[in-house]
Amino acid sequence: MKKIKHYNITDEADSYMVFHVYMDLCEVQNWWNVRVHMCPELNLLFLSGHPNCSEPQEIVLPIECTKQISPQDLKKYTSYLKVEKCPNDSLTVAVYESDSTIVYLRVKAGLLFPNNPDTEAHSSQAVWNRNLFMSQEEKDFHFHQFQQKYTG
């Protein structure tokens, strides 16, 4: 807590939140080498650490659950929150509730659009899942349809 107070954050609730996320990462999530950092451009505290001894260092941004953040905010955070030897392609957001509940969300640069249902119906995984629940008669029927379609 001394390290957090060292940064002279005026909002004590923010200091308290960062402390709780820090303790959760260290004691509950068993992260390694967790450190507190200050981002002077954004005037906020963030954390860095290793989820385990073999994984690369990650940046964790504690945010109160009542705070609204936009995709532009996330882009700003990923561009300003930097730690040496830490890949800057993702950010872990620690959503903090006043009852000490913390939910961790990993955010990566860019958007991943959901699959089109028409396209997904033809994907190999969807076909495999569908075939898993077919009876043998249904499989034979589909095989004969396929055979007629492609062999004339």
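A short reminder: the numbers here are calculations on the coordinates, not readings from a lab. Quick caveat, the model's predicted, so the values are computed rather than measured. Note that we place each Cβ from the backbone using ideal geometry, even for glycine, and neighbour counts take in every protein chain shown.
So the values come out like this:
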quantity: Under the Karplus curve 6.51 cos²θ - 1.76 cosθ + 1.60, θ = phi - 60°, whole-Hz ³J(HN,Hα) for the stretch 41-50, x wherever Gly or Pro sits; calculated: 5, 9, 6, 9, 8, 9, 10, 9, x, 10
quantity: For the stretch 2-108, convex hull volume per residue from C-alpha positions, Å³; calculated: 102
quantity: Mean Cβ count within 10 Å, highest first, over the residues of peptides 36-43, 89-96, 75-82; calculated: 89-96, 75-82, 36-43
